[in-house]
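Novice: Okay, here's the structure, questions in a sec.
The values are calculated or read from the model by the stated rules, or taken from the named source; none is laboratory data. Predicted model, so just to flag it, every value in this text is computed and none were measured. Virtual Cβ from ideal backbone geometry, glycine too; neighbours counted across all protein chains shown. SASA here: full protein model, heavy atoms, side chains in, ligands and nucleic acids out. Shrake-Rupley method; radii C 1.70, N 1.55, O 1.52, S 1.80 Å.
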Amino acid sequence: MRNNGMIDLRSDTVTKPSPEMRRAIYQAEVGDDYYDDDPTVHALEEKAAERLGKEAALLVLSGTMGNLISLMALTRPGQSIVLAEGSHIHLNEGGGLARIAGLTPRTVSAPRGLITPEAVGAAMLSTSPLNPLTSLVCVENTNNAAGGCVVSVEAIDSLCIFAHERGIKVHMDGARLFNAAVALGVPAARIVEKVNSVTFCLTKGLACPVGAIVAGDADFIAEARLCRQTVGGGMRQAGIFAAAGLVALDSMVERLVEDHENARLLGNILSEAELPITVEQAETNMVYLEVPESVMPARVFVQRLGEAGVIVNPPKGRRMRMVTHYGIDRDDVIEAAARIVRCLNGPAPI
Ligand SMILES: Cc1ncc(COP(=O)(O)O)c(C=O)c1O
């Protein structure tokens, strides 16, 4: 599935819709979703809610929008939320939590994506009028910056029990929730059983062109619908892309296993090649590498990879991410690994 010999490992968002999705998009029955009138949107929202074991679901335009409106619906401006310091909501969503939702972030360290009840206990602010009251904890699963790590059901359950006993709600940024479900071998509904709200993306491993889903109880979804309107997310004939979402839930979830196997294969080949780099083993569809400065600057390595036909995002510090997805097969992974080895073994950069 390579594109002109290029192997694109930047993200699982670079996928193209499957032929079945394109057919479904073409044939989609649509209405005006603004008037709650689009049958394909209804079908997707119902299917998603059922799949997650939640009362209701709402189609939104992106994971970022889903997270933002969840925060807005579950909190009041002037409150605080606890979340991981490296989390997507904290660092990669344009500061919407502060700028739009009016929230103060209380960040905690979350090794391998895990936010412990103890960390929440230490970060949460009391009901003193001096404090922005802590009303929400956000947990990311899988956890992107931590390496595509999966947070266990037990860890999420105990976090929720701790938070709920203190009147604090829990939102899950499950942009890659189905990767977590496949990796844990449990239904997605079990992972999110105790959280108040969850967002998952249709555009990551599930390969849709647009969209994300927010799910929770019916009151939360009613409030989230108002918040979606506030941020300009009211939609018209959204059945056009909801149709792809229906195909994704039926046919793209189980295949995530292949992405995980391919990521593991890439990690294994690179580890076994005994290269002068650190390879973080994949738990799901991401492999993180670190190239020591003494070997070559990370940005030079990324540039060399690009010249060799392996595209990755600019490094963060010395760390770089490689993501497997619907557009990458086993042969691509083997070829990418060979190119990576060649880039590292080539002449030293000037
Ligand atoms: C963990 C996580 N949450 C949320 C998002 C936001 O999704 P979107 O790009 O659809 O806004 C991303 C996107 O990469 C992500 O990785």
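Novice: Scan segment 157-180 for residues that are of a type in the set (A, V, I, L, M) and more than 15 Å from the ligand (Cβ to nearest atom) and report the count.
Specialist: Our first condition is that a residue be of a type in the set (A, V, I, L, M); within segment 157-180, this holds for 159, 161, 163, 168, 170, 172, 175, 177, 180.
If we keep only those that are more than 15 Å from the ligand (Cβ to nearest atom) as well, we get 159, 161, 163, 168, 170.
Residues in segment 157-180 being of a type in the set (A, V, I, L, M) and more than 15 Å from the ligand (Cβ to nearest atom): 5 in total.
Novice: Have a look at Ala263, Ala222 and point out the one that is open to solvent by less than 10 Å² (accessible area, probe 1.4 Å), out of contact with any His (no Cβ under 9 Å at 6 or more places or on another chain) and modelled with pLDDT of 95 or more. If you could, list the steps in order and put the result at the bottom.
Specialist: Details: Ala222 fails: open to solvent by less than 10 Å² (accessible area, probe 1.4 Å).
Ala263 is the lone residue from the list that is open to solvent by less than 10 Å² (accessible area, probe 1.4 Å), out of contact with any His (no Cβ under 9 Å at 6 or more places or on another chain) and modelled with pLDDT of 95 or more.
Novice: Kindly establish whether Glu280 is open to solvent by 30 Å² or more (accessible area, probe 1.4 Å), farther than 27 Å from Ala180 by Cβ, of a type outside the set (Val, Ile, Thr) and modelled with pLDDT under 95.
Specialist: Values: open to solvent by 30 Å² or more (accessible area, probe 1.4 Å): yes; farther than 27 Å from Ala180 by Cβ: no; of a type outside the set (Val, Ile, Thr): yes; modelled with pLDDT under 95: yes.
In short, no.
Novice: Considering only residues that are of a type in the set (Gly, Ala, Ser), part of a loop (DSSP other than H, G, I, E, B) and surrounded by 15 or more Cβ atoms within 10 Å (Cβ to Cβ), which ones fall in segment 283-299? Step through it out loud before you land on a result.
Specialist: So in segment 283-299, the residues of a type in the set (Gly, Ala, Ser) come out as 294, 298.
Checking the rest, the ones that are also part of a loop (DSSP other than H, G, I, E, B) come to 294.
Matches in segment 283-299: none.
Novice: Just for segment 185-194: of the residues that are surrounded by fewer than 19 Cβ atoms within 10 Å (Cβ to Cβ) and hydrophobic (A, V, I, L, M, F, W, C), which one is nearest to Ile213 (Cα to Cα)?
Specialist: So the first thing to find is which residues in segment 185-194 are surrounded by fewer than 19 Cβ atoms within 10 Å (Cβ to Cβ), and the list is 185-187, 189-190, 193-194.
Keeping just the survivors that are hydrophobic (A, V, I, L, M, F, W, C) gives 186, 189.
Numbers: Val186: 19, Ala189: 14 Å.
That would be Ala189.
Novice: Quick one: which residue in Ala101, Ala56, Ala84 is closer than 24 Å to Ala43 by Cα and either surrounded by fewer than 16 Cβ atoms within 10 Å (Cβ to Cβ) or modelled with pLDDT of 95 or more (or both)? Reasoning before the result, please.
Specialist: Numbers: Ala101 fails: closer than 24 Å to Ala43 by Cα; Ala84 fails: closer than 24 Å to Ala43 by Cα.
Ala56 is the lone residue from the list that is closer than 24 Å to Ala43 by Cα and either surrounded by fewer than 16 Cβ atoms within 10 Å (Cβ to Cβ) or modelled with pLDDT of 95 or more (or both).
Novice: Inside segment 139-168, can you point out the residues that are among the aliphatic types (A, V, I, L, M) and in contact with a strand residue (DSSP E or B) (Cβ under 7 Å, 6 or more places away or on another chain)? Even if it seems obvious, please write down each step before you answer.
Specialist: Of the residues in segment 139-168, the ones among the aliphatic types (A, V, I, L, M) are 139, 145-146, 150-151, 153, 155-156, 159, 161, 163, 168.
If the condition is that a residue be among the aliphatic types (A, V, I, L, M) and in contact with a strand residue (DSSP E or B) (Cβ under 7 Å, 6 or more places away or on another chain), then Val139, Val151, Ile156, Leu159, Ala163, Ile168 are the ones that fit.
Novice: What are the residues in segment 59-81 that are within 10 Å of the ligand (Cβ to nearest atom), of a type in the set (A, V, I, L, M, F, W, C) and buried (at least 24 other Cβ atoms within 10 Å of the Cβ), if any? Quick ask: steps written out before the conclusion?
Specialist: So the first thing to find is which residues in segment 59-81 are within 10 Å of the ligand (Cβ to nearest atom), and the list is 60-68.
Checking the rest, the ones that are also of a type in the set (A, V, I, L, M, F, W, C) come to 60-61, 65, 68.
Within segment 59-81, Val60, Leu68 meet the criteria.
Novice: Right, next: Contact list please: Cβ distance under 9 Å, first residue in segment 52-70 and of a type in the set (Ser, Thr, Tyr), second residue within 14 Å of the ligand (Cβ to nearest atom) and assigned to a helix (DSSP H, G or I), pairs at least six apart or on different chains.
Specialist: Cβ pairs passing all conditions: Thr64/His88; Thr64/Ile89; Thr64/Gly96.
Novice: Can you name the condition, by its number, that Gly5 falls short on among (1) within 16 Å of the ligand (Cβ to nearest atom); (2) open to solvent by less than 40 Å² (accessible area, probe 1.4 Å); (3) over 20 Å from Val182 (Cβ atoms)?
Specialist: Checking Gly5 against (1) within 16 Å of the ligand (Cβ to nearest atom); (2) open to solvent by less than 40 Å² (accessible area, probe 1.4 Å); (3) over 20 Å from Val182 (Cβ atoms), the one that fails is (1).
Novice: For segment 19-43: of the residues being crowded, with 19+ Cβ neighbours inside 10 Å and not acidic (Asp, Glu), which is nearest to Ala336 (Cα to Cα)? So that I can check it myself, show each step before the final result.
Specialist: Filtering segment 19-43 for residues crowded, with 19+ Cβ neighbours inside 10 Å gives 21, 24-25, 28, 33, 38, 40-41.
Next cut, not acidic (Asp, Glu) only: 21, 24-25, 28, 40-41.
On the way: Met21: 28, Ala24: 33, Ile25: 32, Ala28: 37, Thr40: 39, Val41: 39 Å.
Residue satisfying both the conditions and the ranking: Met21.
Novice: In segment 136-176, which residues are touching a residue at least 40 places away in the same chain (Cβ under 8 Å), buried (at least 21 other Cβ atoms within 10 Å of the Cβ) and not in a loop (DSSP other than H, G, I, E, B)?
Specialist: Leu136, Val137, Cys138, Val139, Glu140, Asn143, Cys149, Leu159, Ala163, Lys169, His171, Asp173
Novice: Among residues belonging to segment 106-115 that are touching a strand residue (DSSP E or B) at 6+ places or on another chain (Cβ under 8 Å) and more than 16 Å from the ligand (Cβ to nearest atom), point out the one that is farthest from Arg10 (Cα to Cα).
Specialist: Arg106
Novice: OK, next. In segment 290-315, how many residues are in contact (Cβ under 8 Å) with a residue 40 or more places away in the chain and either more than 26 Å from Pro17 (Cα to Cα) or more than 22 Å from the chain's Cα centre (by Cα) (or both)? Show your work before the answer.
Specialist: First pass over segment 290-315, keeping only residues in contact (Cβ under 8 Å) with a residue 40 or more places away in the chain: 291, 295-297, 300-301, 304, 309-313.
Next cut, either more than 26 Å from Pro17 (Cα to Cα) or more than 22 Å from the chain's Cα centre (by Cα) (or both) only: 291, 295-297, 300-301, 304, 309-310.
Qualifying residue count, segment 290-315: 9.
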